[in-house]
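Here is the structure we will look at, set down as C-alpha coordinates.
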Amino acid sequence: MFWFQSGMVFLPALLVIWSSSNFIVSYVVAIYRNDVDVVFPYISDTGAEPPESCIFGFMTSVTAFLASGTMYARYKFVQRLGEDVGSVRSRLNHAALGLGLVSCLGMCIVGTFQETMVTWVHDTGALLFFGTGVFYAILQAAISYQMRPYGSALCVCHTRTAFAVISLLAVLIAVISGGLVKGTKLHRKPSDEDYTVHLLSAVCEWIVAFSFVLFFLTYIPDFKLG
(Lines give C-alpha, C1' and ligand atoms only; values in the text may rest on other atoms or scores of the structure.)
Protein backbone atom coordinates (compact mmCIF):
# COMPACT_ATOMS: atom_id res chain seq x y z
CA MET A 1 0.00 0.00 0.00
CA PHE A 2 1.27 3.48 -0.87
CA TRP A 3 2.07 5.69 2.13
CA PHE A 4 -0.61 8.25 1.23
CA GLN A 5 -3.31 5.55 1.28
CA SER A 6 -2.81 4.85 4.99
CA GLY A 7 -5.69 6.14 7.08
CA MET A 8 -6.45 9.80 6.32
CA VAL A 9 -2.87 10.70 5.34
CA PHE A 10 -4.00 12.00 1.95
CA LEU A 11 -5.64 15.03 3.63
CA PRO A 12 -2.57 16.69 5.23
CA ALA A 13 -0.36 15.47 2.37
CA LEU A 14 -2.58 17.06 -0.26
CA LEU A 15 -2.91 20.22 1.85
CA VAL A 16 0.87 20.60 2.14
CA ILE A 17 1.46 20.00 -1.58
CA TRP A 18 -1.39 22.24 -2.75
CA SER A 19 -0.69 25.15 -0.38
CA SER A 20 3.03 25.14 -1.23
CA SER A 21 2.16 25.12 -4.92
CA ASN A 22 -0.22 28.01 -4.32
CA PHE A 23 2.56 30.25 -2.99
CA ILE A 24 5.12 29.16 -5.57
CA VAL A 25 2.94 29.24 -8.71
CA SER A 26 1.51 32.71 -8.08
CA TYR A 27 5.02 33.98 -7.25
CA VAL A 28 6.54 32.55 -10.44
CA VAL A 29 3.74 33.94 -12.64
CA ALA A 30 3.97 37.38 -11.00
CA ILE A 31 7.76 37.44 -11.46
CA TYR A 32 7.45 36.32 -15.08
CA ARG A 33 5.02 39.16 -15.77
CA ASN A 34 7.18 41.63 -13.78
CA ASP A 35 4.24 42.47 -11.53
CA VAL A 36 6.28 42.18 -8.32
CA ASP A 37 9.89 42.43 -7.19
CA VAL A 38 11.98 39.27 -7.13
CA VAL A 39 13.22 39.80 -3.57
CA PHE A 40 10.53 38.95 -1.02
CA PRO A 41 7.31 40.59 -2.14
CA TYR A 42 4.33 40.16 0.14
CA ILE A 43 2.54 36.90 -0.59
CA SER A 44 -0.57 38.93 -1.36
CA ASP A 45 1.41 41.02 -3.87
CA THR A 46 1.95 37.90 -5.98
CA GLY A 47 -1.83 37.55 -6.31
CA ALA A 48 -2.78 41.19 -6.79
CA GLU A 49 -2.81 41.47 -10.59
CA PRO A 50 -4.52 39.26 -13.20
CA PRO A 51 -3.96 36.55 -14.30
CA GLU A 52 -2.08 35.55 -11.14
CA SER A 53 -4.88 37.00 -9.01
CA CYS A 54 -7.25 34.44 -10.55
CA ILE A 55 -4.80 31.62 -9.90
CA PHE A 56 -4.12 32.83 -6.36
CA GLY A 57 -7.82 33.24 -5.54
CA PHE A 58 -8.75 29.79 -6.84
CA MET A 59 -5.84 27.96 -5.23
CA THR A 60 -6.31 29.79 -1.91
CA SER A 61 -9.99 28.80 -1.81
CA VAL A 62 -9.07 25.16 -2.41
CA THR A 63 -6.36 25.43 0.25
CA ALA A 64 -8.93 26.75 2.74
CA PHE A 65 -11.24 23.83 1.90
CA LEU A 66 -8.45 21.27 2.37
CA ALA A 67 -7.32 22.95 5.60
CA SER A 68 -10.89 22.85 6.96
CA GLY A 69 -11.15 19.16 6.16
CA THR A 70 -7.78 18.43 7.74
CA MET A 71 -8.64 20.41 10.88
CA TYR A 72 -11.98 18.67 11.26
CA ALA A 73 -10.39 15.23 10.79
CA ARG A 74 -7.80 16.16 13.42
CA TYR A 75 -10.62 17.33 15.72
CA LYS A 76 -12.45 13.98 15.38
CA PHE A 77 -9.24 12.03 15.94
CA VAL A 78 -8.49 13.95 19.17
CA GLN A 79 -12.14 13.63 20.24
CA ARG A 80 -12.11 9.87 19.75
CA LEU A 81 -8.81 9.51 21.61
CA GLY A 82 -10.15 11.70 24.41
CA GLU A 83 -13.18 9.47 24.78
CA ASP A 84 -10.98 6.37 24.91
CA VAL A 85 -8.28 7.51 27.32
CA GLY A 86 -9.64 10.82 28.67
CA SER A 87 -6.36 12.64 28.19
CA VAL A 88 -7.58 15.70 26.24
CA ARG A 89 -10.04 18.32 27.44
CA SER A 90 -12.94 18.63 25.02
CA ARG A 91 -13.07 22.43 25.42
CA LEU A 92 -9.50 22.71 24.22
CA ASN A 93 -10.28 20.56 21.21
CA HIS A 94 -13.42 22.61 20.40
CA ALA A 95 -11.50 25.88 20.74
CA ALA A 96 -8.76 24.67 18.40
CA LEU A 97 -11.30 23.67 15.75
CA GLY A 98 -13.11 27.00 16.05
CA LEU A 99 -9.89 28.99 15.67
CA GLY A 100 -8.83 26.84 12.75
CA LEU A 101 -12.08 27.40 10.86
CA VAL A 102 -11.90 31.16 11.46
CA SER A 103 -8.36 31.07 10.06
CA CYS A 104 -9.67 29.31 6.95
CA LEU A 105 -12.32 32.00 6.58
CA GLY A 106 -9.59 34.63 6.75
CA MET A 107 -7.69 32.72 4.07
CA CYS A 108 -10.72 32.85 1.76
CA ILE A 109 -11.03 36.61 2.32
CA VAL A 110 -7.34 37.11 1.49
CA GLY A 111 -7.71 35.17 -1.75
CA THR A 112 -10.97 36.85 -2.80
CA PHE A 113 -10.24 40.50 -2.00
CA GLN A 114 -6.98 41.71 -3.57
CA GLU A 115 -4.97 44.14 -1.45
CA THR A 116 -4.78 46.71 -4.26
CA MET A 117 -8.57 46.78 -4.69
CA VAL A 118 -10.14 46.52 -1.21
CA THR A 119 -7.21 46.95 1.14
CA TRP A 120 -9.02 47.06 4.50
CA VAL A 121 -11.03 43.91 3.76
CA HIS A 122 -7.89 42.11 2.58
CA ASP A 123 -5.94 43.18 5.66
CA THR A 124 -8.79 42.07 7.95
CA GLY A 125 -8.73 38.66 6.31
CA ALA A 126 -4.95 38.47 6.70
CA LEU A 127 -5.18 39.26 10.41
CA LEU A 128 -7.86 36.57 10.84
CA PHE A 129 -5.81 34.06 8.88
CA PHE A 130 -2.46 34.60 10.56
CA GLY A 131 -3.74 35.56 14.02
CA THR A 132 -6.14 32.70 14.62
CA GLY A 133 -3.88 30.34 12.67
CA VAL A 134 -1.08 30.92 15.16
CA PHE A 135 -3.34 30.24 18.14
CA TYR A 136 -4.65 27.11 16.41
CA ALA A 137 -1.06 25.86 16.13
CA ILE A 138 -0.37 26.69 19.78
CA LEU A 139 -3.47 24.83 21.00
CA GLN A 140 -2.70 21.82 18.82
CA ALA A 141 0.84 21.72 20.19
CA ALA A 142 -0.60 21.70 23.72
CA ILE A 143 -3.09 18.98 22.73
CA SER A 144 -0.23 16.90 21.32
CA TYR A 145 1.47 16.84 24.71
CA GLN A 146 -1.78 15.94 26.47
CA MET A 147 -2.32 13.01 24.10
CA ARG A 148 0.97 11.35 24.94
CA PRO A 149 1.79 8.51 25.05
CA TYR A 150 -1.21 7.56 22.88
CA GLY A 151 -0.76 10.24 20.20
CA SER A 152 2.34 11.73 18.65
CA ALA A 153 5.93 10.95 19.55
CA LEU A 154 7.66 13.42 21.83
CA CYS A 155 9.88 14.69 19.00
CA VAL A 156 6.75 15.50 16.95
CA CYS A 157 5.29 17.43 19.91
CA HIS A 158 8.51 19.43 20.19
CA THR A 159 8.51 20.08 16.43
CA ARG A 160 4.93 21.38 16.49
CA THR A 161 5.78 23.62 19.42
CA ALA A 162 8.79 24.99 17.56
CA PHE A 163 6.71 25.83 14.47
CA ALA A 164 4.01 27.40 16.65
CA VAL A 165 6.54 29.61 18.44
CA ILE A 166 8.27 30.58 15.19
CA SER A 167 4.97 31.52 13.58
CA LEU A 168 3.91 33.54 16.65
CA LEU A 169 7.14 35.56 16.69
CA ALA A 170 7.03 36.04 12.92
CA VAL A 171 3.41 37.27 13.04
CA LEU A 172 4.22 39.78 15.76
CA ILE A 173 7.19 41.14 13.82
CA ALA A 174 5.22 41.17 10.55
CA VAL A 175 2.33 43.12 12.09
CA ILE A 176 4.56 45.66 13.85
CA SER A 177 6.86 46.25 10.87
CA GLY A 178 3.95 46.13 8.42
CA GLY A 179 2.26 48.93 10.34
CA LEU A 180 5.25 51.13 9.52
CA VAL A 181 5.01 50.50 5.78
CA LYS A 182 3.59 53.49 3.94
CA GLY A 183 0.97 52.76 1.30
CA THR A 184 0.33 49.72 -0.88
CA LYS A 185 2.48 49.27 -3.96
CA LEU A 186 3.84 46.23 -5.77
CA HIS A 187 7.29 47.57 -6.65
CA ARG A 188 9.66 49.01 -4.07
CA LYS A 189 13.21 50.33 -4.26
CA PRO A 190 15.99 50.04 -1.67
CA SER A 191 16.05 53.82 -1.65
CA ASP A 192 12.47 53.96 -0.32
CA GLU A 193 12.26 55.21 3.25
CA ASP A 194 10.20 52.22 4.39
CA TYR A 195 12.03 49.57 2.34
CA THR A 196 13.71 47.92 5.34
CA VAL A 197 10.53 47.50 7.37
CA HIS A 198 8.69 46.33 4.25
CA LEU A 199 11.34 43.68 3.63
CA LEU A 200 11.26 42.57 7.28
CA SER A 201 7.47 42.32 7.22
CA ALA A 202 7.45 40.38 3.94
CA VAL A 203 10.12 37.92 5.10
CA CYS A 204 8.18 37.24 8.30
CA GLU A 205 4.98 36.73 6.30
CA TRP A 206 6.66 34.02 4.20
CA ILE A 207 8.07 32.44 7.38
CA VAL A 208 4.58 32.27 8.92
CA ALA A 209 3.07 30.78 5.77
CA PHE A 210 5.61 27.98 5.48
CA SER A 211 5.59 27.40 9.25
CA PHE A 212 1.90 26.58 8.85
CA VAL A 213 2.69 24.28 5.92
CA LEU A 214 5.35 22.43 7.89
CA PHE A 215 3.08 22.27 10.94
CA PHE A 216 0.45 20.38 8.94
CA LEU A 217 3.18 18.14 7.59
CA THR A 218 3.64 16.84 11.15
CA TYR A 219 0.04 15.55 11.07
CA ILE A 220 0.97 12.76 8.65
CA PRO A 221 2.12 10.24 11.32
CA ASP A 222 -1.09 10.82 13.33
CA PHE A 223 -3.36 10.54 10.31
CA LYS A 224 -1.96 7.13 9.49
CA LEU A 225 -3.93 5.96 12.50
CA GLY A 226 -7.15 7.67 11.39
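Answer yes or no: is there a residue in the range 97-106 that is open to solvent by 60 Å² or more (accessible area, probe 1.4 Å), in contact with a His (Cβ under 8 Å, 6 or more places away or on another chain) and over 15 Å from F216 (Cβ atoms). Give the steps one after another, and end with the answer.
As a first pass, look at the range 97-106 and keep what is open to solvent by 60 Å² or more (accessible area, probe 1.4 Å): 101, 105.
From the residues that got through so far, the ones that are in contact with a His (Cβ under 8 Å, 6 or more places away or on another chain) too are none.
Within the range 97-106, not a single residue is open to solvent by 60 Å² or more (accessible area, probe 1.4 Å), in contact with a His (Cβ under 8 Å, 6 or more places away or on another chain) and over 15 Å from F216 (Cβ atoms).
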Task: Any chance L217 is within 26 Å of G69 (Cα to Cα), at pLDDT 85 or above and open to solvent by 70 Å² or more (accessible area, probe 1.4 Å) - done: yes
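Collect the residues in the range 16-46 that are in contact (Cβ under 8 Å) with a residue 40 or more places away in the chain and within 16 Å of the chain's Cα centre (by Cα), keeping them in residue-number order. Quick ask: steps written out before the conclusion?
As a first pass, look at the range 16-46 and keep what is in contact (Cβ under 8 Å) with a residue 40 or more places away in the chain: 16, 18-20, 22-23, 35-37, 39-45.
The answer is V16, W18, S19, S20, N22, F23, Y42, I43, S44.
State all residues of the range 80-96 that are open to solvent by less than 30 Å² (accessible area, probe 1.4 Å) and hydrophobic (A, V, I, L, M, F, W, C); if no residue qualifies, say none. Explain how you work it out, then say what you get.
In the first step, residues of the range 80-96 are kept if they are open to solvent by less than 30 Å² (accessible area, probe 1.4 Å); the result is 81-82, 88, 93, 96.
Selection gives L81, V88, A96.
Name the residue, out of F58, F77, F23, that is farther than 20 Å from G133 by Cβ, open to solvent by 20 Å² or more (accessible area, probe 1.4 Å) and not in a loop (DSSP other than H, G, I, E, B).
Details: F77 fails: farther than 20 Å from G133 by Cβ; F23 fails: farther than 20 Å from G133 by Cβ.
Result: F58 is the single residue among F58, F77, F23 that is farther than 20 Å from G133 by Cβ, open to solvent by 20 Å² or more (accessible area, probe 1.4 Å) and not in a loop (DSSP other than H, G, I, E, B).
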Open item on the list: open to solvent by less than 50 Å² (accessible area, probe 1.4 Å), in a helix (DSSP H, G or I) and acidic (D, E): is that true of E115 in this structure?
Closed with: no
Task: Failed item, numbered, when V208 is tested on (1) open to solvent by less than 20 Å² (accessible area, probe 1.4 Å); (2) more than 26 Å from G57 (Cα to Cα); (3) β-branched (V, I, T) - done: (2)
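So, in the range 127-149, of the ones that are of a type in the set (A, V, I, L, M, F, W, C) and touching a Ser or Thr at 6+ places or on another chain (Cβ under 7 Å), which residue ends up surrounded by the most Cβ atoms within 10 Å (Cβ to Cβ)?
The first filter runs over the range 127-149 and keeps only residues of a type in the set (A, V, I, L, M, F, W, C), leaving 127-130, 134-135, 137-139, 141-143, 147.
Okay, now just the ones that are also touching a Ser or Thr at 6+ places or on another chain (Cβ under 7 Å), so 128-129, 134, 137, 141, 147.
Details: L128: 20, F129: 25, V134: 24, A137: 27, A141: 23, M147: 19.
Per the stated criteria, the residue is A137.
Quick check on my filter: what residues within the range 150-202 are over 26 Å from F215 (Cα atoms) and either among the β-branched types (V, I, T) or surrounded by 13 or more Cβ atoms within 10 Å (Cβ to Cβ) (or both)? Walk me through how you get there before you give the answer.
Of the range 150-202, the ones over 26 Å from F215 (Cα atoms) are 179-197.
L180, V181, T184, L186, R188, D192, D194, Y195, T196, V197 - these are the residues of the range 150-202 that are over 26 Å from F215 (Cα atoms) and either among the β-branched types (V, I, T) or surrounded by 13 or more Cβ atoms within 10 Å (Cβ to Cβ) (or both).
The values are calculated or read from the model by the stated rules, or taken from the named source; none is laboratory data. All figures in this text were calculated on a predicted structure; none of them were measured in a lab. Note that each Cβ is placed from the backbone with ideal geometry, even for glycine, and that neighbours are counted across all protein chains shown. Surface accessibility is based on the protein's heavy atoms, side chains included, excluding ligands, DNA and RNA. Shrake-Rupley method; radii C 1.70, N 1.55, O 1.52, S 1.80 Å.
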